[in-house]
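**Student:** Let me give you the structure first, and then I'll get to my questions.
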Amino acid sequence: MLWVLLTTYLGLAFLHGALSYGLQTAVASYRASLYLTVGVSYFALFQHDRNDTIWTLNLVILAGLAVVLFAIAAWLVPEWRPQDPGHMALSSQAYERSRVLPAQAAQFIALAALLSLPSWLQVGSSLWLRLATLPLLAVSIFLFHRSVWVMLAVSVLVTLAASGRGAVRAFVVVQFLLVALALVWLLLVGLDMDILSASLRTAVNEAVDLDNNTLDWRIQGWRILVERAISDGPLSILFGAGFGIGYERNIAQLYVTASPHNYYVELFLTSGLLGCGLFVLSILSVFRRALSQALHGGANEMLALPGMVIGVVVYSASYSPQYDTALILGLILALPAIPRRRPIPEGVSQPAPP
């Protein structure tokens, strides 16, 4: 019901924006939120048992591997890249030339890698799941979307925490995978693919450069946009200005119209505190369902679900979640709730089953 309420409220914010800024402008701004909220609400309508869910999650891993193959092909054949090869070749940063796929694709690959990670904790799990983990992790990292790096690191930590008794083994598995990735890196460097080393160096150098880094650039933009919305009065703070309001701002003497690269800021500008609050509560409802399945579901395949939800939360601080995220969140929300068992007091015998 929370997701239905969020969908309805954001739909009203879209109507407000269409009347204020025009239908085409409002649609362009509303599209990502429409995919997410309607998608989650739709997929949550289907009731799945554990076997159906595991089968669907395996399909997500297979889809992630398909995106991995396309990324490799795009690295080898520049003409296949979704981005303009000429623009990428002229980029001043080497890591931008390695971004053959957008952040949304890197996020999907990272989520698929998380899904395959629990297979290392289960004796007798499918070999293909274990073999899928390494290319999924490698490509999600080598696409050099640093927001996805942060999302992946946080999600892995949450997955390790959800492993409980298997946390030690999971930690060893993660160390093994990191060593394997390092070996792959050395192999590629040995094959004279120095673009990877240059990409890593420039990506790290820009991130730690206090005078010129994208994080500081984004934070300045967020502050400008939020302060402008607050100055518009209490109605704008509470309900927002509607989809299509625009993100024009001046940062370091540059006129910027692009997205603020923060879904929470976008929601605040378009739907106010009410929209942000509904989104947080809706995500919390999915996390609670994922956590109950991970802790009490009795299946190792469910251990990655809480980390995936937290990953979406972290990713939303840099980009807007899209329709592929809606499938995963809706699938988790459709899982049956596991009731909490109250402890039986001493001296009270448990009734025999009928």
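**Student:** So what does Leu235 come to for accessible area, using a 1.4 Å probe and Å² rounded to 10?
**Tutor:** 120 Å²
**Student:** What length, rounded to one decimal in nm, is gained on full extension from Leu45 through to Asp232, with 0.36 nm per residue of separation minus their alpha-carbon distance?
**Tutor:** Full extension from Leu45 to Asp232 adds 63.5 nm.
**Student:** Still on this model: Using only the heavy atoms of the protein chains and a 1.4 Å probe, how would Asp216, Asp232 rank by accessible area, largest first?
**Tutor:** Asp232, Asp216
**Student:** In whole percent, how big is the carbon plus sulfur part of the accessible area of the stretch 12-70, probe 1.4 Å, protein atoms only?
**Tutor:** Carbon and sulfur atoms account for 68 percent of the accessible area of the stretch 12-70.
**Student:** Taking amide hydrogens as modeled 1.01 Å from N in the peptide plane, which residues meet the under 5 Å criterion relative to His145, leaving out close sequence neighbours?
**Tutor:** Amide H to amide H, under 5 Å and 5 or more residues apart or across chains, His145 pairs with nothing.
**Student:** Same structure, new question: Through the Karplus equation 6.51 cos²θ - 1.76 cosθ + 1.60, θ set to phi - 60°, convert the phi angles of the stretch 262-270 into ³J(HN,Hα) values in whole Hz; use x for Gly and Pro.
**Tutor:** Once θ is set to phi - 60°, the couplings for the stretch 262-270 become 7, 5, 5, 5, 4, 5, 5, 5, 8 Hz.
**Student:** For a quick check of your reading of the filter: which chymotrypsin sites (Phe, Trp or Tyr not before Pro) in the stretch 6-78 sit in a DSSP loop and have no more than 15 other Cβ atoms within 10 Å?
**Tutor:** In loop regions of the stretch 6-78 (DSSP not H, G, I, E or B), the sparsely surrounded chymotrypsin sites (Phe, Trp or Tyr not before Pro) are Phe46.
**Student:** Roughly how much of Val4 is accessible, in Å² to the nearest 10, using a 1.4 Å probe?
**Tutor:** Answer for Val4: close to 70 Å² accessible.
**Student:** Moving on to the next point. Quick one: 3J(HN,Hα) in Hz for the stretch 112-117, Karplus 6.51/-1.76/1.60 with θ = phi - 60°, rounded, Gly and Pro as x.
**Tutor:** Working through the residues one at a time gives 5, 4, 4, 5, 7, 4 Hz.
**Student:** Mind ranking Glu79, Glu266, Glu96 by accessible surface for me, highest first, 1.4 Å probe?
**Tutor:** Order by accessible area, largest first: Glu79, Glu96, Glu266.
**Student:** Using a 1.4 angstrom probe on the protein heavy atoms only, line up Ile72, Ile328, Ile310 by accessible area, largest first.
**Tutor:** Ranking Ile72, Ile328, Ile310 by accessible area, largest first, yields Ile72, Ile310, Ile328.
**Student:** Suppose R0 equals 22 Å. What FRET efficiency, 1/(1 + (r/R0)^6) with r the Cβ-Cβ distance, do Leu157 and Ala317 give to the nearest 0.05?
**Tutor:** Result of the calculation: an efficiency of 0.85.
**Student:** Can you list residues from other chains, or at least 5 along the same chain, whose modelled amide H is less than 5 Å from the amide H of Ile251?
**Tutor:** Val256
**Student:** So between Gln220 and Trp80, what do we pick up on full extension, going 0.36 nm a residue minus the alpha carbon distance?
**Tutor:** 46.9 nm
**Student:** I'd like the Karplus ³J(HN,Hα) series for the stretch 281-287: coefficients 6.51, -1.76, 1.60, θ = phi - 60°, whole numbers in Hz, and an x wherever there's a Gly or Pro.
**Tutor:** 5, 5, 5, 4, 5, 5, 5
**Student:** A further question follows. Please calculate the 1.4 Å probe accessible area of Glu248, with all protein chains present, and give it to the nearest 10 Å².
**Tutor:** 70 Å²
**Student:** If you don't mind, there's one more thing I want to ask. Run the numbers for Ala73 and Ala337: contour at 0.36 nm per residue of separation, minus the present Cα-Cα distance, in nm.
**Tutor:** Length difference between fully extended and current span is 90.9 nm.
The values are calculated or read from the model by the stated rules, or taken from the named source; none is laboratory data. Quick caveat: nothing in here was measured; it's all calculated off a predicted structure. Neighbour counts run over all protein chains shown; Cβ positions are idealised from the backbone, glycine included. Accessible surface is based on the protein model in full, side chains and every heavy atom, while ligands, DNA and RNA are left aside. Shrake-Rupley method; radii C 1.70, N 1.55, O 1.52, S 1.80 Å.
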